Amino acid sequence: MITSKEIRDKFLNFFKQRGHAVVPSSSLIPGDPSVLLTTAGMQQFKPYFLGKADPVHDFGTRRTASIQKSFRTSDIDEVGDESHLTFFEMLGHFSFGDYFKKETIEWTYEFLTTVLKISPERIWASVFEGDDAIPFDQESYDAWLRFIPEKRIKKGGREGNVWGPPGPEGPCGAANEVYVDDLEVATLVFMEYYCAQDGSLSPLADKGVDVGWGLERAAKVIQNASTVFDTDLFLPFMELLPADLEIRIKRIVTDHLRAVAFLLADGLRPSNKEAGYILRRLLRRALVYEHIYKVPQHVFDAVIHDIVHEYGEFYPELLRENENIRQEFNAERQKFGSTLQRGLKELERVNTIDGTIAFNLYETFGLPYEIIKELGGARAQTLSHESFDGEFRKHQEISRAGQEKKFGGHGLLLDTGELKAGNEEELKTVTRLHTATHLLNAALHKVLGNTVEQRGSDITPERTRFDFLFPRKLTGEELKKIEELVNYAIAKDFPVSAKEMSLEEAKKSGALFFYEGHYPERVKVYTIGDDKEIFSQELCGGPHVTHTGEIGHFKIVKEESSSFGVRRIRGVID
């Protein structure tokens, strides 16, 4: 039997032999603000498809291959059946203005038949049938005819055979779906257009190829498993769960704990906002099952331990973050445990559960939607995700309006944007962290040089996250120097001042700015320093402390890859 580890190795070696540079997986927490979590292998390569970055400069070739950690929030409700997952691994290979349909289809067939040893009679494909916007994919159809008979080439509509961008806009094009028997194992996307937010298409300067294989599905086919959960990617962990636990619950728990480990390893923390809310839903759903079925705590701990060590061989960040994963899981277990029993009792007392009641149960006791829907049974028959999410949005809008009024229309956004604060205490904290991020940006330039370019930041009351262009992992010595420089600037208690000027004047002044940022014609340049030393100058419109001494002590807690050529630093203050 070919193991999942062997599938990974064989895939990367196959495409490396065909001139592809092997690129590590990017974080599950994307640098792209248009998506909540990384959903596809192509996300880290989006700049190359759009011609905004040079693949030859960065990779030495126009061909790359990767195994990307991916997460799909749309499938959470379906987990527990035979195939749906939240976290999954995507085997991908990509072309940026190099090969196109003929080579891609040839290699797909070759990998299936010669490497994975799949019988040709089991292989099917579908191609786009064409419509008013995109013509019939004759080129793909002809390429498949070289390998499989016409009766096994289907013509499909937009739903399966046109691939849109991972977000509101981006590269897109006709796609082939590749099946073994009746299971789709790969999607071949041929990027020919740029899809705007209004759905209009314009030709890309260079055609591209984006191919994604689901590792879990490939393992199911190769290992002759009845479901993806019967492969070596899941079975060892499911066997640790109590034998009398319903199979559906075993699948949900194993899927969710695997996803939780990877999300925590990439620095995400449970919260009631954005991606942190997704993480909390998964954690708490698993913890409800632990409570209801009286599963001893050491069982889930063992599952997480084995996931970290089994996957850590290929994804070393799991081993590096092992202690943090364990601590965060136990912290959420303890926090949720104090209200869980009361929440379940309240759920039993409700006769009819609609969106309002479900949200109140979530807000008061922390019960996730999935658990309310499941345990509510017939009483929750009319409950839908749309009604629950609608109540969630109403709550956020009321909170946002109240906070904006409290802060005098300050302009901070509670749930989106660079800064996130929910009350006055949080506002003070993110203000300190925001100023610390200016110091961090300046320190990076001082230690690493001016090749550093900001690529985005995200600040919550818990931490600052700063992305920047840099070609390699930072050394321990460099990180130490950067942290020391930030704390030096804090200890100097530099004054923070602002001067308004034109955008052109600000850029000429030498002040740092975000090259991809959108600035008005009149901007503020914030200077941190005194008559003897200017430590930082940067274009900005956010809140700042008046003196750096207000920040407190700064600590770098993590440095990692955000996407190819982009590094990410997470820092905290105390």
Among residues belonging to the range 404-429 that are at pLDDT below 70 and in a helix (DSSP H, G or I), point out the one that is most open to solvent (accessible area, probe 1.4 Å). K405
If you scan the range 265-298, which residues turn out to be over 17 Å from I76 (Cβ atoms) and aliphatic (A, V, I, L, M)? A265, I292, V295
Over the range 292-329, the set of residues loosely packed, with under 14 Cβ neighbours inside 10 Å and free of Cβ contacts under 8 Å to residues at least 24 places away in the same chain is K294, P296, H298, H309, P316, E323, Q327
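Being of a type outside the set (A, V, I, L, M), at pLDDT below 90 and either open to solvent by less than 40 Å² (accessible area, probe 1.4 Å) or at positive phi (or both) is the requirement here; does K69 meet it? Give the steps one after another, and end with the answer.
Numbers: of a type outside the set (A, V, I, L, M): yes; at pLDDT below 90: no; either open to solvent by less than 40 Å² (accessible area, probe 1.4 Å) or at positive phi (or both): yes.
Taking the combined requirement at face value, the residue does not satisfy it.
Looking only at the range 337-359, count how many residues are in a helix (DSSP H, G or I) and open to solvent by less than 50 Å² (accessible area, probe 1.4 Å). Lay out the reasoning, then the answer.
The first filter runs over the range 337-359 and keeps only residues in a helix (DSSP H, G or I), leaving 337-349, 355-359.
Filter again for open to solvent by less than 50 Å² (accessible area, probe 1.4 Å), leaving 337, 339-340, 343-344, 347, 355, 358-359.
Summing the residues that are in a helix (DSSP H, G or I) and open to solvent by less than 50 Å² (accessible area, probe 1.4 Å) in the range 337-359 gives 9.
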Given (1) within 30 Å of M1 (Cβ to Cβ); (2) at pLDDT 95 or above; (3) not β-branched (V, I, T), D182 misses just (2)
When A401 is run through (1) surrounded by 12 or more Cβ atoms within 10 Å (Cβ to Cβ); (2) at pLDDT below 85; (3) of a type in the set (A, V, I, L, M, F, W, C), the failure sits at (1)
Checked pairs for the range 270-283, first open to solvent by 40 Å² or more (accessible area, probe 1.4 Å), second in a helix (DSSP H, G or I) and of a type in the set (D, E, K, R), C-beta under 8 Å and 6 or more apart or across chains, list as N272/R280
The lone exception for L383 - which of (1) open to solvent by 20 Å² or more (accessible area, probe 1.4 Å); (2) at pLDDT 90 or above; (3) not in a helix (DSSP H, G or I) it fails: (1)
Within the range 461-472, restricting to residues that are open to solvent by 60 Å² or more (accessible area, probe 1.4 Å) and either closer than 29 Å to G542 by Cβ or not charged (D, E, K, R) (or both), the one that is modelled with the lowest pLDDT is P471
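Taking into account only those residues within the range 473-499 that are in contact with a Leu (Cβ under 8 Å, 6 or more places away or on another chain) and over 23 Å from P24 (Cβ atoms), which is most open to solvent (accessible area, probe 1.4 Å)? Before the answer, list the steps.
Within the range 473-499, the subset in contact with a Leu (Cβ under 8 Å, 6 or more places away or on another chain) is 474, 478, 482, 485-486, 489-490.
If we keep only those that are over 23 Å from P24 (Cβ atoms) too, we end up with 485-486, 489-490.
Working: L485: 46, V486: 0, A489: 0, I490: 15 Å².
My answer is L485.
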Could you list, ordered by first residue, the pairs with Cβ atoms under 8 Å in which the first is in the range 221-239 and in contact (Cβ under 8 Å) with a residue 60 or more places away in the chain and closer than 14 Å to Y311 by Cα and the second is open to solvent by less than 10 Å² (accessible area, probe 1.4 Å) and of a type in the set (V, I, T), at least 6 apart or interchain? F237/T254; F237/V303; F237/I307
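The values are calculated or read from the model by the stated rules, or taken from the named source; none is laboratory data. In this text the structure is predicted, and so the values were computed from the model without any measurement. Ideal geometry is used to build each Cβ from the backbone, glycine not excepted, and the neighbour counts take in all protein chains shown. Areas reflect the complete protein model, heavy atoms only, side chains present, ligands, DNA and RNA absent. Shrake-Rupley method; radii C 1.70, N 1.55, O 1.52, S 1.80 Å.
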